[in-house]
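Quick notes on the structure that follows.
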Amino acid sequence: MIDSDKGVLMKDTILLVGNNDIYINFVESELTNADFDVIISSSLSAIEALMKEEEIKLIISEEKFLDNIFYLRESGHNQPIVAIYKYYDEDFILEALDKGVDDCISILCSRKLFLAKIKNILKRFYRNFDVIKYKDITFTSNNNNFYIKGTSLELTKLEKQLLLEFLKNTNKILSRDSLLENVWSENFNIQLRTVNVAVKRLRDKINLYMGDDYIKSVRGQGYLFS
């Protein structure tokens, strides 16, 4: 991902569900060396907080924490999930897939193969995503609808395009010029003030359902969706 305002390559963040032991530290080292940001946690409450605060692109779980994965799936989190294991165990793999895991990878495979599998999962998932979930907001592409805590959000076509742009760029500042280019790309007569008005209307609609202000104005720079 590239931050269009700063021209800086943003690292994808991977959540490792497991204990801080040699098993997990090995995986963390491989991912870090491959230029991923890695967060490690085994506490379900900490994981839930991280899912709200961070833009997690992929979850990798140690085999003994599969119940946490099942809970995340039941709670509506749709990031791709990988279960890692050491020795081949068909029963474990079947259980993992049944609990919502997208793939199972042995850490005994070569570093090259392990990283290729991880990158392929990310490429597949984010090229053809059907659902985007960020905190309490969910977008489903099959009906082009947004939901807050399961309740459908009534938005105009323009507001949907604007909110989708924010969801694709969470936790980074979007300038008014970039919003104008990406959301109003077919209308060259729109002024920056129109962007301000549209963002305010979208913010007001979201705030009817939420106590938090998801869309924040950053003086002199634009807007931050976080």
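Describe numerically, in nm with one decimal, the distance between label points set 7 Å from Cα along Cα→Cβ at Ser75 and at Ser110.
Using points 7 Å along Cα→Cβ, the separation is 3.8 nm.
Of all accessible surface on segment 23-163 at a 1.4 Å probe, what whole percent is carbon and sulfur?
48 percent
Quote to one decimal, in nm, the extra length available between Val131 and Thr194 on full extension: 0.36 nm per residue of separation minus the C-alpha distance between them. Can you show the working numbers first?
Details: separation 63, 0.36 × 63 = 22.68 nm, distance 2.86 nm.
Computed gain between Val131 and Thr194 is 19.8 nm.
Among Asp213, Asp21, Asp177, which one shows the highest mean-square fluctuation when the chain is modelled as a Gaussian network with alpha-carbon springs under 10 Å?
For the chain, modelled as a Gaussian network with Cα springs under 10 Å, the answer is Asp21.
Taking Cα atoms, how many degrees apart are the long axis of helix 192-207 and the longest axis of the chain, rounded to 10 and kept between 0 and 90?
Computed tilt is about 60 degrees.
Can you tell me which of Ser175, Ser42, Ser110 moves the most in a GNM of the chain? Springs connect C-alpha atoms under 10 Å apart.
Result: Ser110 has the largest fluctuation of those listed.
From Cα pairs below 8 angstrom and at least 6 apart in sequence, can you work out the relative contact order of the chain, rounded to a whole percent?
That works out to 14 percent.
Can you spot the lysines whose alpha carbon is less than 17 Å from Lys57's alpha carbon? Ignore those fewer than 8 places along the same chain.
Filter leaves Lys11, Lys117, Lys119, Lys123, Lys133, Lys135, Lys168, Lys172.
Using alpha carbons only, how many angstrom separate the centre of segment 141-176 from the centre of segment 19-76?
What the calculation gives is 26 Å, centre to centre.
Given a Förster distance of 35 Å, report the FRET efficiency between Ser29 and Ser141 from their Cβ-Cβ distance, rounded to the nearest 0.05.
Plugging the Cβ-Cβ distance into 1/(1 + (r/R0)^6) gives 0.45.
Mind giving me the FRET efficiency for Asn207 and Lys123? R0 is 45 Å, r the Cβ-Cβ distance, nearest 0.05 is fine. Provide the component values of the computation, followed by the final result.
On the way: r = 36 Å, r/R0 = 0.79.
The calculated FRET efficiency here is 0.80.
Who wins for biggest fluctuation among Thr13, Thr156, Thr32 in a Gaussian network model of the chain, springs between alpha carbons below 10 Å?
Thr156
Once percent of Cα pairs over 34 Å apart is worked out from the coordinates, which option in [x] 42; [y] 26; [z] 22 does it equal?
Only one option fits the structure, namely [z].
Under a 1.4 Å probe, what is the accessible area of the chain per residue, stated in Å²?
About 55 Å² of surface per residue is accessible.
The values are calculated or read from the model by the stated rules, or taken from the named source; none is laboratory data. Predicted model only: the values in this text are computed from it and were never measured. Heads up, the Cβs are rebuilt from the backbone with ideal geometry, glycines too, and the neighbour counts pull from every protein chain shown. With ligands, DNA and RNA removed, areas are computed over all heavy atoms of the protein, side chains included. Shrake-Rupley method; radii C 1.70, N 1.55, O 1.52, S 1.80 Å.
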